[in-house]
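Novice: Here it is, the structure, as structure tokens.
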Amino acid sequence: RRGSTFFEKKKKKLAALKDFRERTLVAVKPDGVQRRLVGQIIQRFEQRGFKLVGLKMLEASEELLSEHYCELRMKPFYHGLLRYMTSGPVVVMVWEGHNVVQTSRTMVGHTNPAEAPAGTVRGDFSIHVSRNVVHASDSVEGAQREIQLWFQEKDILNWDCCDQTSTGD
Ligand code: ADP
């Protein structure tokens with residue numbers, strides 16, 4: 001009896017931990033980088049309360065992008081999309097926190113900026129669906145797939161907040 005309570009508590013604790021460890025991939029697309037929006041986009045995610053655990057800037061290869069956008073390869077805009085995404089560097093990030101996938105999608109706004117409310121990244125910074133500034137994974141499974149595609153495990157860092165640890169130095 002006592003034993004099962006112990007394990008139940010442990011299971012609950014682990015589940016809570018997992019909940020706060022949800023991750024998503026957010027990328028500032030080439031137009032966002034060129035328009036100097038990187039800082040403002042990072043600021044929104046930090047301010048919201050998410051934790052930055054991965055960050056890099058790169059010129060994405062067509063190979064990587066064709067994997068990333070594999071579900072869209074039959075779309076009429078697919079080739080234009082690849083040209084857009086290779087038109088300059090992108091800043092790719094992994095953000096962590098409770099419900100981060102869903103909340104990020106809300107923060108980023110509708111794919112078509114005309115339908116993205118003010119206050120969302122796309123609603124505030126873009127006007128055309130083919131130059132919509134930012135990417136955010138659309139599901140927990142999709143996020144896992146995309147994070148593996150863009151990051152090596154060693155480049156995702158776990159860190160503790162200074163207000164939860166003693167200085168000890
Ligand atoms: P989201 O990025 O919101 O998840 P999708 O996965 O449907 O949206 O599309 C991926 C990206 O393809 C969009 O963010 C946008 O850059 C581009 N895209 C989508 N629809 C169109 C379109 N009709 N014309 C041009 N580009 C598009």
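Novice: Report the trypsin sites (Lys or Arg not before Pro) located in segment 30-59 that are in a DSSP loop and have at most 11 other Cβ atoms inside 10 Å of their Cβ, or state none.
Specialist: For trypsin sites (Lys or Arg not before Pro) across segment 30-59 that sit outside H, G, I, E and B with at most 11 neighbouring Cβ atoms in 10 Å, the list reads ARG36.
Novice: Rolling a 1.4 angstrom probe over the protein heavy atoms, how many square angstrom per residue are accessible across segment 1-61?
Specialist: Per-residue accessible area for segment 1-61 comes out at 74 Å².
Novice: Using 1/(1 + (r/R0)^6) with R0 = 41 angstrom and r between the beta carbons of GLU63 and CYS161, what's the FRET efficiency to the nearest 0.05?
Specialist: The computed FRET efficiency comes out at 0.65.
Novice: About its Cα centre, what dipole magnitude does the chain give when the only charges are +1 on Lys and Arg Cβ and -1 on Asp and Glu Cβ, stated in debye to the nearest 20?
Specialist: Magnitude of the dipole: close to 640 debye.
Novice: Also, I was wondering about something else. Amide H to amide H, which residues 5 or more places from LEU55 or on other chains are under 5 Å from it, using H placed in the peptide plane?
Specialist: Correct list: VAL94.
Novice: Further question: How much of the accessible area of the chain, probe 1.4 Å, is carbon plus sulfur, in whole percent?
Specialist: Using a 1.4 Å probe with all protein chains present, the chain comes out at 53 percent carbon and sulfur.
Novice: Hey, another quick one. Given a 1.4 Å probe and heavy atoms of the protein chains only, how would you sort HIS128, HIS79, largest accessible area at the top?
Specialist: Ranking HIS128, HIS79 by accessible area, largest first, yields HIS79, HIS128.
Novice: So how long is each side of segment 30-154 along the principal axes, counting just the alpha-carbon atoms, biggest first, in Å?
Specialist: 37, 36, 25
Novice: Read phi for every residue in segment 101-118 and hand back ³J(HN,Hα) as whole Hz from Karplus 6.51 cos²θ - 1.76 cosθ + 1.60, θ = phi - 60°, with x for Gly and Pro.
Specialist: Each residue of segment 101-118 in turn: 5, 5, 5, 4, 4, 5, 5, 7, x, 4, 3, 8, x, 4, 9, 8, x, 4 Hz.
Novice: Same structure, new question: I'd like the distance separating the alpha-carbon centroids of segment 131-145 and segment 5-31, in whole Å.
Specialist: That distance is 17 Å.
Novice: Same structure again: With a cut-off of 8 Å between alpha carbons and a minimum separation of six or more residues, what is the relative contact order of segment 110-166 in percent?
Specialist: That works out to 20 percent.
Novice: I would also like to ask the following. With point charges of +1 on the Cβ of Lys and Arg and -1 on the Cβ of Asp and Glu, referenced to the Cα centre of the chain, which listed residue (LEU14, THR103, LEU52) lies farthest in the positive direction of the dipole?
Specialist: Comparing the listed Cα positions along the dipole, LEU14 ranks first.
Novice: Accessible area per residue of segment 117-158 at 1.4 Å probe, in Å²?
Specialist: In whole numbers, segment 117-158 has 56 Å² accessible per residue.
The values are calculated or read from the model by the stated rules, or taken from the named source; none is laboratory data. Fair warning: this is a prediction, and the values are worked out from it, not measured in the lab. Positions of Cβ are backbone-derived with ideal geometry, glycine not excepted, and every protein chain shown enters the neighbour counts. For the accessible areas, the whole protein counts, side chains as well, though only heavy atoms, and no ligand, DNA or RNA atoms are used. Shrake-Rupley method; radii C 1.70, N 1.55, O 1.52, S 1.80 Å.
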